[in-house]
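A.B. asks: Below you'll find the structure I mean.
Derivation of every value follows stated rules applied to the coordinates shown; laboratory data play no part. Computed from a predicted structure; not experimentally measured. Heads up, the Cβs are rebuilt from the backbone with ideal geometry, glycines too, and the neighbour counts pull from every protein chain shown.
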Amino acid sequence: MIKPIGRVAIIPTLLVLAGTAAVARVVQSTGNPILADGSYYTTDPAPVVDGDTLYILAGRDEAPDGVNDFIMNEWQLLSTQDPASRRWRHDPGIARPERLFAWASPGRAYAGQIVKARNGRFYFYAPVEERNSDARDRFAIGVAVSDSPHGPWKDAHPAGPIISQRVPESNDIQNIDPTVLVDEDGRVFIYWGTFGRLRGMELASDMVSAKGPEQVIEGLTGFFEAPWIMKRKGVYYMLYAGNNAGPDSPCTPALYHACQAYGTATSPLGPWTYRGVVLKPVSSTTSHAGAVEFKGKWYITYHTADAKGGGHFRRSVAIDRLEWDDSVTPAAIRPVVPTIAPRAAPRPGRNIAPAATPTAGPNALPTQFWLKSLNDGIIRAAPLPPDMWSSWRGKDNPATPWIEYRWPAPVTLNGSRIRFFADQPAGAGEGVAPPASWRLEYWDGGWRPVRGAGSYGTSADTWQTVDFPPVTTRCLRAQFVASKGAGVGVQEWEALGPQATVPPLAPKTAAPPCDRP
Ligand code: FUB
């Protein structure tokens with residue numbers, strides 16, 4: 001019998017693993033994310049194939065709702081014989097930093113990778129924090145070994161981490177996000193890094209000893225973190241999280257969000273050539289991808305905030321097909337089309353903002369914020385900058401910024417709700433503060449204030465609702481007077497029609513402006 005829990009059916013095949021409290025279960029997923037019911041968040045996927053099984057090593061986000069921190073105490077494993085079946089075995093709690101390494105602190109079980117070596121054993125490259133270290137950044141990469149991806153794991157280098165700010169050389173980067181390739185000739189290469197700094201190094205065939213010097217890897221445009229090394233048809237491919245943001249960036253319009261980009265090289269340590277974007281930003285700020293060939297097909301794994309209760313620090317692993325374009329040299333990775341499990345139909349409502357194209361002005365589109373968040377229907381208890389639009393630029397914040405919705409054809413509106421964000425109190429002259437005042441305007445051959453509107457509330461973190469007699473227009477503006485030199489911030493802005501309708505879909509192309517021919 002299959003007992004449905006949320007959108008995931010749990011088949012009660014409970015497997016208690018000797019020596020740990022972890023309970024394995026078999027899950028019939030309904031699509032992405034693989035585990036979607038919010039009972040376990042799964043992060044930083046690293047796929048590895050052994051025989052007829054595809055394994056995904058994942059971290060586990062345990063941040064309470066509204067806490068913006070990577071609270072990650074353990075790693076977990078997902079495995080399947082057939083991704084298309086959506087039948088996965090879930091092994092929670094396969095390892096914890098302090099159990100893998102005597103020198104590691106608990107917590108911060110960041111993005112690791114399990115790699116099968118030529119000797120048939122599995123090596124687990126795990127970024128953890130050192131307990132006793134005077135390094136400015138205590139993240140270090142340790143290696144554990146096992147005969148199975150399930151473990152049990154044993155420290156393969158009990159002398160300590162193989163990479164830190166002190167070993168094998170001194171460095172000043174954050175030593176996380178390792179990825180390892182065992183090349184066809186048996187040579188082993190490790191890459192790691194974050195915050196725009198990527199290193200690479202050859203390892204000895206024992207999988208742990210440094211062989212070559214640490215090398216700075218360059219050429220991967222917009223590299224931020226999460227490198228993933230792989231090889232196909234003699235070409236080395238590096239997937240990575242990029243965040244070169246801007247209105248015209250192929251990667252991401254908002255600084256905090258990452259795309260997945262890739263580059264290629266003909267030798268493992270480069271030179272590398274940037275090749276393009278594989279995956280656009282997802283619902284979480286990070287998407288940390290890995291890719292692998294399994295039974296003749298390539299798959300990409302990444303994480304999103306799409307599970308129940310999910311967020312930027314409550315991420316969940318997704319898997320999709322990765323396709324190659326062999327008509328070009330080197331073969332290109334085709335842009336990934338992310339899939340998501342079918343959702344319940346949204347309830348009818350008066351908000352028709354999702355059908356509009358949002359824009360902002362004047363000079364009010366700083367890249368750390370995301371205009372798209374205005375009408376995405378998501379309100380977070382502790383939003384990050386890309387969960388809102390704000391006019392805050394640090395200095396010279398616009399005194400009278402505005403946001404605007406443009407519909408492709410005229411719509412009738414008789415109300416609006418707005419949700420301000422503020423990190424400073426009303427009247428503050430810095431940061432993001434509630435606006436001094438605001439009003440709604442609609443286009444009618446010129447910008448006209450809506451008539452008969454009641455009061456315009458300005459408090460943050462609650463809906464401010466404005467009702468007015470119906471107007472028919474293609475463009476609606478919220479015109480603000482900012483608090484002194486502060487920015488204005490908005491998490492969500494709704495445009496309400498007189499009747500409830502099935503929520504409209506986002507427009508495929510941007511609607512044109514009203515005030516320019
Ligand atoms: O999960 C913690 C960190 O978030 C990883 O190390 C990064 O790659 C990002 O996914």
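A.B. asks: Let me see the pair-distance distribution of region 274-327: every alpha carbon pair, 5 Å bin width, integer percents in order.
C.D. replies: Taking every Cα pair in region 274-327, the percentages come to 5, 18, 24, 22, 15, 10, 4, 1, 0.
A.B. asks: Could you give the length gained by full extension between Glu184 and Asp248, i.e. 0.36 nm per residue of separation minus their alpha carbon distance, to one decimal place?
C.D. replies: Between Glu184 and Asp248, full extension yields 19.1 nm more.
A.B. asks: Taking 27 Å as the cut-off for C-alpha to C-alpha distance, list the pairs among Lys231/Lys508; Lys297/Lys372; Lys154/Lys297; Lys154/Lys211; Lys116/Lys308; Lys280/Lys508 that go past it.
C.D. replies: Long pairs (Cα-Cα over 27 Å): Lys231/Lys508; Lys297/Lys372; Lys154/Lys297; Lys116/Lys308.
A.B. asks: Further question: How big is Rg to Rh over region 124-231, alpha-carbon atoms, Rh as the Kirkwood inverse-mean-distance radius?
C.D. replies: Result for region 124-231 is an Rg/Rh of 0.95.
A.B. asks: Shifting gears a bit: What full-extension length gain, to one decimal in nm, is calculated for Ala428 and Ser85 as 0.36 nm per residue of separation minus the Cα-Cα distance?
C.D. replies: Extra length available between Ala428 and Ser85 comes to 117.9 nm.
A.B. asks: Follow-up question, since we're still on this one. If we sort 277-288, 176-187, 432-443 on the protection proxy, mean other Cβ atoms within 10 Å, highest first, what's the order?
C.D. replies: Per-residue Cβ counts within 10 Å, averaged per peptide and sorted highest first, yield 277-288, 432-443, 176-187.
A.B. asks: Separate question: Using a basic spin-label model with each label point 7 Å from the Cα along Cα→Cβ, how many nm lie between Arg232 and Lys116?
C.D. replies: 1.9
A.B. asks: 7 Å from Cα along Cα→Cβ at both Glu169 and Ser459: what's the point-to-point distance in nm?
C.D. replies: 5.8
A.B. asks: What percent of all Cα-Cα pairs in the chain falls in each 20 Å bin, counting up from 0?
C.D. replies: 21, 49, 26, 3
A.B. asks: Explain nothing, just the number: relative contact order of the chain, from Cα pairs under 8 Å at least 6 residues apart, as a whole percent.
C.D. replies: Rounded, it is 11 percent for the chain.
A.B. asks: Using the beta-carbon distance between Lys154 and Ala382 and R0 = 35 Å, what value does 1/(1 + (r/R0)^6) give for FRET efficiency, to the nearest 0.05?
C.D. replies: After rounding to 0.05, the efficiency reads 0.35.
A.B. asks: Under a crude label model (7 Å from the Cα following the beta-carbon direction), how far is Arg451 from Asp69 in nanometres?
C.D. replies: Computed distance between label sites Arg451 and Asp69 equals 5.5 nm.
A.B. asks: So if I average 1/r over every pair of distinct C-alpha atoms in region 377-517 and take the inverse, what Kirkwood radius in Å does that give?
C.D. replies: 15.8
A.B. asks: Give me Rg over Rh for region 12-162, both radii from the alpha carbons and Rh done the Kirkwood way, two decimal places.
C.D. replies: Rg/Rh for region 12-162 comes to 0.97.
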